[in-house]
Amino acid sequence: MKIYIYIEGAGDEDDTELLIRPRPGFRSGIRSGKETTTGLRPGFIKFFQELYDIAGENIKISIVMCGSRSDAYENFKIALESQPEAFNVLLIDAESPVDSTLTPWEHLRNRTEDHPWILDAVNFEDEQCHLMVQTMEAWFIADLDALREFYGKKFKDDKILRGIKQLQNVEKVSKATLKVWLNAATRHTEKGKYHKTRHAPKLLESLDVDKVRQASPYCDRLFTTLGATMATSAS
């Protein structure tokens, strides 16, 4: 069995090689020179280590960073046609609050900001669409110990702690608020303010997955779905 996870986010040359049909003019979002960074794929591989352990030698899991959310969706659709024997998964930011009565596909189709590229997302399996709610940074604030370790003594989490106590759910924190919280917490650290392409890869690698799954039901849904899929394949 093969599992392919097409993820919204910065990639690198390795990701372009994994694309079934590389797009002309693909831009990974990786900057060269002084600000050189690595793509997010190594971070996700570490974050999903539990799934790789379950997969063992008989199941192959491939993570593909696709750049924009619309590109991730297009690559996912191409995969459905080109490798129907595989379990293909789309993983993108929700970008806004998710109504628990809606499926992830319905949430995306209801977002006018994502029109028109998502409107043809019909008749797809619910288990193949997963959301980082509301953005990947929600996973980071689910493990403040990892943030403290990464940024050091000058990391100030007061605003994050107050906010989480008020909202009581990391998935209720908006994209804009997450940015404000992380900027305030990291402003005076030696690494500087939170920077997605410079900091997110290492932060992903350092997260305690159990903490994130407990705090983020949609993250837990992703792990549960992939675990069940592999178990069914092995039976």
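The values are calculated or read from the model by the stated rules, or taken from the named source; none is laboratory data. On a predicted model such as this, the values are computed, not experimentally measured, just so you know. Virtual Cβ from ideal backbone geometry, glycine too; neighbours counted across all protein chains shown.
A few remarks follow.
- Flag if residue 156 is farther than 20 Å from residue 52 by Cβ and not in a helix (DSSP H, G or I): yes
- The stretch 122-181 - residue that is in contact with a His (Cβ under 8 Å, 6 or more places away or on another chain) and surrounded by fewer than 17 Cβ atoms within 10 Å (Cβ to Cβ) and, of those, nearest to residue 85 (Cα to Cα): 156
- Verdict on residue 224 being among the β-branched types (Val, Ile, Thr), in the same structural domain as residue 91 (by TED's automatic domain parsing), part of a helix (DSSP H, G or I) and over 15 Å from the mean Cα position of the chain (by Cα): yes
- Taking helices (runs of 4 or more DSSP H) as the structural unit, those lying wholly within the stretch 55-144 and holding at least 3 residues that are closer than 26 Å to residue 39 by Cβ and among the acidic types (Asp, Glu) correspond to 69-82.
- Applying a threshold of 8 Å to beta carbon distances and a minimum spacing of six or more residues, or different chains, the list of pairs starting in the stretch 200-212 at a residue that is in contact (Cβ under 8 Å) with a residue 60 or more places away in the chain and ending at one that is part of a helix (DSSP H, G or I) and of a type in the set (A, V, I, L, M) reads 203/146; 203/147; 206/146; 207/146; 208/146.
- Which numbered condition residue 39 fails, given (1) exposed (fewer than 15 other Cβ atoms within 10 Å of the Cβ); (2) in a loop (DSSP other than H, G, I, E, B); (3) touching a residue at least 12 places away in the same chain (Cβ under 8 Å): (1)
- Failed criterion for residue 113 (all others in (1) within 20 Å of residue 179 (Cβ to Cβ); (2) out of contact with any helix residue (DSSP H, G or I) (no Cβ under 6 Å at 6 or more places or on another chain); (3) buried (at least 20 other Cβ atoms within 10 Å of the Cβ) hold): (3)
- Residue 235 falls short on exactly one of the conditions (1) surrounded by fewer than 20 Cβ atoms within 10 Å (Cβ to Cβ); (2) touching a strand residue (DSSP E or B) at 6+ places or on another chain (Cβ under 7 Å); (3) not aromatic (Phe, Trp, Tyr), and that condition is (2).
- Subset tally (residues that are out of contact with any Asp or Glu (no Cβ under 9 Å at 6 or more places or on another chain) and surrounded by 19 or more Cβ atoms within 10 Å (Cβ to Cβ)) for the stretch 75-110: 4
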